[in-house]
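Worksheet: the structure to be examined is printed underneath.
The values are calculated or read from the model by the stated rules, or taken from the named source; none is laboratory data. Computed from a predicted model, the values in this text were never measured in an experiment. Virtual Cβ from ideal backbone geometry, glycine too; neighbours counted across all protein chains shown. Surface accessibility is based on the protein's heavy atoms, side chains included, excluding ligands, DNA and RNA. Shrake-Rupley method; radii C 1.70, N 1.55, O 1.52, S 1.80 Å.
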Amino acid sequence: MLEFIDLNKRFGDVIALDDAGFVVERGRIMGFLGPNGAGKTTAMRVVFGLIRPDSGTVRWNGSPVGPEERLRFGYMPEERGLYPKMKVRNQLVHFSRLSGLSKAEASDAVDHWLGVLGLAGRGDAKLDDLSHGNQQRVQLAAALAPDPELLILDEPFAGLDPIGVESLAETLTELASGGVTIVFSSHQLDLVEDVCEDVAIINEGRVVLSGRLDDVKNRSRKRRLTIDVDGEPWVPDMQGVEVVNGPGPSHCIVNDDAPVADLLASANAAGTVNRFVFEPPRLTDLFREAVGS
Amino acid sequence: MKPWSQVALLAKREFLERVRNKPFIITMSLLVVAIVAIGPVVSRLAGGDDEVTKIGLAGEEVPGIEQELEAQAVLFEMEIDVERFPSRSVAETALAEGEIEVVLIDGTEITFHTGGSSRLTALVQGAVDTAVKTEALTELGLSENEIAAVVEPIAIEVTILEESDAQDEAKRGAAFVGAILLYISIIMLGQFVAMGTVEEKQNRVVEVILSRVRPWQVLVGKVAGIGLLGLLQLAIFAGAAYASAQLADLPDVDVAAIGLPVIASLLFWFVLGYTFYAFLYAAVGSTVSRQEDLQGTLMLPIMLILPGYLLAIFASEDPDALVPTIGSWLPPWAPFVMPVRIAAGVAQPWEILVAIVGTALGAIALVWIGSRVYSGALLRTGGKVKLREAWRAAVE
């Protein structure tokens, strides 16, 4: 279990983390969300001792995270970077050994992950000679090869093609079912909704929402209302309706105590109702509400 | 996993990636070829046939003289070439033209053109003496063994209690060359350290590394790896220079005259001096984000190194002068100046102790300061980080 406890960090006048705290359960995948500059990267760097918080701690299985614990963590930083002129296999083995693997273990692990990530033939190539997408895969391999208990991935899906996204999602799900705890940040909310069981949303350094995705959705007092009247956009005329723009049928966010029967009646009066859906909010809706835009 | 085994892994990567680097291998090979070639080429240009001393013979023949000359030459550790001339005048012309250095006439007269060498005189005299006596004893009817017992020169062991000036010169020269080598090496290797640091920052690989190890480990690993590379380079160059001297058959290059203690002391000061400055270079290098910004920042270490180099030159002229003496006590300059003063035999034991302890403490302080600046500056990109800001932002 990974716990962020009351983290505070200022950079000059900027408050990067403001009493930020949340918990990630073992073997689960958590989507760590927030607008740019909200403090995601700072929080992740704190886990790896790259940034010292002004106050607060990070605990792993109950004890504060130190150099020994970090060797059992895998990290894929937002700023991608490896040695451009070094052979792919050599540098992956180097990083795995730095994480404490023996020569033979490192060698086996690297070959395994190069195979899984579709880079089996590229081990002797220099990183520089690989395509952007493949470099991204090597970066992921550097985090995965040491067989970590905890994986922290900063925007792992950015820059991947749809097939790459799908296979990475599968890989993460498999790892989690094998007991690996995973935290990743992303701006692709639909993807997070598909892959993650848990989410934490951070805004201006504060964790504004965290927990199981289902619980968070159910706890929300908002509901998503989708109405399609004769193919025309039709918006119910009542207080507190928030229209979500987009093509096709109109989507609105309403409170959970909205008079659904009345709304349906007025929609019927306006024309033929092809679709009328009243459902829990989507992650996008929660996100928008949480960060207040 | 122990911190030091991680440091060893970091150092190993640093060393191997650089040694395997093609441009490095090519540059080293070219330099080695150049160094090996320089000795023989210079000695040929300077007329390297001086090694063989030519001796002329004229007039009445002394029986067995050629043999005896060769025998004496072995004792004198000289190489000679004996040539017989038809007459005294022909021999004297050859002497005047420099074809031979000395001529023996009638077995009774030794003629030089100018100057004259007591060593050569002794050699020829010995040969004539032995040849004449052998002849006389043969006539008396002694056997070959008996004659040999009488005339065979006795090898006498020579011991020198006080070292001669030549040896002092060799030591002082070695210490001075050591100071120059240290100066060049620190500037070059320091540049490697600083560039490597910036590269890792520029490539962003530093975040991947620092998620596994602490800043001081990265720093020590890098400095150790590049230091090993420097020692390897020095060893290769020294080997090439020795081979070059052997090929050129230079009698001046006498490693034995320098002596192992001096070489060991040079090596010791090299390691100490390199360590001191390498951590400074790493700290300074970590404050910039791009290679282009590096040159300006490197002025700081260079401004510190330069006086050390100049003081070493002063010290080699006048090892007891006040300024080099004070310089030889202080950490930034001791590695350059102290070996020169030690070789000159003027450094007191307490001075050497002060210099060693001071420099070692300085190096340790720089590991600490360097690591702190390094950790504070590494994740800051864009522009140059001020040393003070980096110090405050440090992680550990």
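Listed values, structure above:
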| item | result |
| --- | --- |
| Over region A:1-86 - Rg/Rh using Cα atoms and the Kirkwood inverse-distance radius | 0.98 |
| Sum of side-chain charges, A:Leu160 neighbourhood, beta-carbon under 13 Å (Lys, Arg +1; Asp, Glu -1) | -2 |
| Square roots of 5 times each gyration tensor eigenvalue, C-alpha, region B:174-234, largest first, Å | 28, 11, 8 |
| Accessible-area order (highest first, 1.4 angstrom probe) of the listed residues A:Phe287, B:Phe268, A:Phe48, B:Phe314 | B:Phe314, B:Phe268, A:Phe287, A:Phe48 |
| Region A:191-210 and region A:111-142: distance between their alpha carbon centers, rounded to Å | 30 Å |
| Bins of 10 Å, starting at 0 and running to the largest distance - Cα pair percent for region A:180-231 | 18, 46, 24, 10, 2 |
| Amide proton proximity set for B:Leu57, modelled H, under 5 Å, gap of 5+ | B:Glu83, B:Arg84, B:Phe85, B:Leu104 |
| Expected-Rg normalisation [2.2 N^0.38 Å, Cα atoms] applied to region B:1-146 | 1.92 |
| Percentage relative contact order, chain B, counting C-alpha pairs under 8 Å, at least six apart | 19 percent |
| Members of region B:177-223 that become less accessible by 50 Å² or more once partner protein chains are added (1.4 angstrom probe, chain alone as reference) | B:Asn203, B:Arg204, B:Val205, B:Glu207, B:Val208, B:Ser211, B:Arg212 |
| Degrees, to the nearest 10: A:132-144 long Cα axis against longest axis of chain A | 70 degrees |
| Links that overshoot a 28 Å alpha carbon limit, given the list A:Lys40/B:Lys12; A:Lys85/B:Lys386; A:Lys126/B:Lys12; A:Lys40/A:Lys126 | A:Lys40/B:Lys12; A:Lys85/B:Lys386; A:Lys40/A:Lys126 |
| Along each principal axis, Cα extent of chain A, largest first, Å | 73, 44, 35 |
| Heavy-atom accessible surface that B and A bury in contact, both chains counted, 1.4 Å, Å² to 100 | 2600 Å² |
| Estimated [θ] at 222 nm from DSSP helical runs (n ≥ 4, -39500 (n - 2.57)) normalised by residues in chain A, nearest 500 | -10000 deg cm²/dmol |
| Pairs of alpha carbons in region A:132-288 whose separation is greater than 24 Å (percent) | 49 percent |
| Region B:48-151, accessible area per residue, ligands and nucleic acids excluded (1.4 Å, Å²) | 59 Å² |
| Dimensions (Å) - region B:72-152, Cα atoms, principal axes, largest first | 43, 27, 17 |
| Fraction of beta bridges assigned by DSSP in chain B that are antiparallel (%, nearest 5) | 30 percent |
| Tail fraction, Cα-Cα pairs, region A:78-167, threshold 23 Å, whole percent | 15 percent |
| Compactness of region A:97-220 - radius of gyration and Dmax, Cα, Å | 16.3, 52 |
| Calculated over chain B: convex hull of Cα atoms, volume per residue (Å³) | 200 Å³ |
| Rounded percent of accessible protein surface that carbon and sulfur make up, chain A, 1.4 Å probe | 46 percent |
| Under the span-like rule (Cα at least 30 Å along the axis, Kyte-Doolittle mean at least 1.6), DSSP H helices of chain B | B:22-45, B:260-285 |
| Degrees, to the nearest 10: A:88-98 long Cα axis against longest axis of chain A | 80 degrees |
| Accessible surface, chain A, averaged per residue in Å² (probe 1.4 Å) | 45 Å² |
| Whole-number D in µm²/s for the protein assembly as shown (Stokes-Einstein; Kirkwood sum over Cα pairs; 37 °C, 0.692 mPa s) | 102 µm²/s |
| Chain-alone versus full-assembly comparison, region A:29-59, residues with accessible loss of at least 10 Å² (1.4 Å probe) | A:Arg45, A:Phe48, A:Gly49, A:Leu50, A:Arg52 |
| Cα-Cα P(r), region A:220-291, percent of pairs per 10 Å interval | 21, 56, 22, 2 |
